[in-house]
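The values are calculated or read from the model by the stated rules, or taken from the named source; none is laboratory data. The structure presented is a predicted model; accordingly, all values stated were derived computationally and were not measured. When we count neighbours, we look across all protein chains shown, and the Cβ atoms used for this are built from the backbone with ideal geometry, even at glycine.
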């Protein structure tokens, strides 16, 4: 017989209760563990996906060259993609491992190694992903050399004479729809370029990062391709300021642009000495006299949006530019000829362009400086003027930064081009608003005697001590040009080299004296 005693009904209920209690505790513990796992995974994902950081540069000049102005969140390229594109498109990059193929300028570190990013490209972390895009220095930093053997001197504030922005943008528009940017091809290339993607990274990139980047660029391509098909190639040192603005910011169909307004490509301008320019007619056509609005409008062109703009960063750059001097000219012409040229300049040029003094550039006391001269009088190519239209102006005023203290109020439609101060003139060739005249000698020649086609672009930065501007040579637009250069054809729409007849009627000796004086600017 068994020694076990029968379980009473009371004991049975007690055992059942203990079992239910244990089961309940186990379920609660399991739920707690699941909740904790979700929290841990959520915290991990948040750490990886919600991170945001912007590098800070102590020196204002470094902030100008590499600091973010807010262009990356909406317009930027994931840094891992940026690093990988040279290996995916070797022909477009001319076999180079960086963006110097497009005229971007790289500085070197203390050991003589090129920096990871060129001047004019900033990097910040956006939603856990490092993203790069453009800042003010993209369009306003160039180089010069005094001889072919000379190392390039980098000058913040001068026009970006090397940058072929049109070709660079064309690569990105092409790549967005290319199979080489599909995950199967891109991920191995990213790993090879030095960026490790773990399983979580690959999931996020495949589900969000790449689709967002590619769809954004494809959207821009859909708006820009019809415009680019109607335009001549921009060439190095030049940009279409307002037509992309119309298409990308306001959704204006490219087909609706008139033939008169579609060829609005012009040179990058110099941005030295901004303080005395406050209140002048700014932009090539003088359509705004507010430095703040001009700066914000330029930032929009660099990819900033009203939602992503970093006003503090742009303000820091603007403050630094107020008193950024133009570098002194390296030219040392004959003092007697300079004195004669100074008299000629004072009598025929200074009222529109200011003058150079022993203490710096003179911005005061010149009645037409920074004022618009009507196109009928100046006679230069009018395409850039016509590209800024009254309907576009109305959109700027009614939509840009609407309801904020930054809302645009000062833009206006003009009938000509603004008379520019000539500080840093030696660094600003080619001349006129569209860069259609290669040298100062050519600018003092009648339009019929000016070159009709000449090289621009990478390597064309040797200072010309005889003619003013940079050394260049004639070219045949039908024959192509060396890598990194562009044969500028003045016969193309928007590229005309006529007008600005001032000084063209001087005698040969007077022109020589005026030239040597201009070389000192």
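Assorted remarks:
- Residues located in the range 187-215, provided they are in a helix (DSSP H, G or I) and within 17 Å of residue 76 (Cβ to Cβ): 190, 204, 205, 208, 209, 210, 211, 212, 213, 214, 215
Conditions (1) touching a strand residue (DSSP E or B) at 6+ places or on another chain (Cβ under 6 Å); (2) under 23 Å from residue 287 (Cα atoms); (3) modelled with pLDDT of 95 or more, marked per residue:
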| residue | (1), (2), (3) |
| --- | --- |
| 365 | no, yes, no |
| 380 | no, yes, yes |
| 411 | yes, yes, yes |
| 435 | yes, yes, yes |
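- Enumeration of residues in the range 437-474 that are assigned to a loop (DSSP other than H, G, I, E, B), within 19 Å of residue 146 (Cβ to Cβ) and out of contact with any strand residue (DSSP E or B) (no Cβ under 8 Å at 6 or more places or on another chain): 465, 466, 467, 468
- Qualifying strands (runs of 3 or more DSSP E) (wholly inside the range 87-167; at least 2 residues being out of contact with any helix residue (DSSP H, G or I) (no Cβ under 8 Å at 6 or more places or on another chain) and surrounded by 14 or more Cβ atoms within 10 Å (Cβ to Cβ)): 153-156
- Selection count, the range 59-86, where residues are in a loop (DSSP other than H, G, I, E, B), out of contact with any strand residue (DSSP E or B) (no Cβ under 8 Å at 6 or more places or on another chain) and surrounded by 21 or more Cβ atoms within 10 Å (Cβ to Cβ): 1
- Check on residue 99, free of Cβ contacts under 8 Å to residues at least 24 places away in the same chain, within 18 Å of residue 167 (Cβ to Cβ) and touching a strand residue (DSSP E or B) at 6+ places or on another chain (Cβ under 9 Å): no
- Which numbered condition residue 451 fails, given (1) buried (at least 18 other Cβ atoms within 10 Å of the Cβ); (2) more than 29 Å from residue 331 (Cα to Cα): (2)
- Residue 503 being over 24 Å from the mean Cα position of the chain (by Cα), modelled with pLDDT of 95 or more, surrounded by 16 or more Cβ atoms within 10 Å (Cβ to Cβ) and on the phi > 0 side of the Ramachandran plot: yes
Residues are listed down the side, and each one gets a yes or a no for (1) touching a helix residue (DSSP H, G or I) at 6+ places or on another chain (Cβ under 8 Å); (2) surrounded by 19 or more Cβ atoms within 10 Å (Cβ to Cβ); (3) within 25 Å of residue 427 (Cα to Cα):
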residue	(1), (2), (3)
226	yes, no, no
250	yes, no, no
265	yes, yes, yes
268	no, yes, yes
278	yes, no, yes
307	yes, no, no
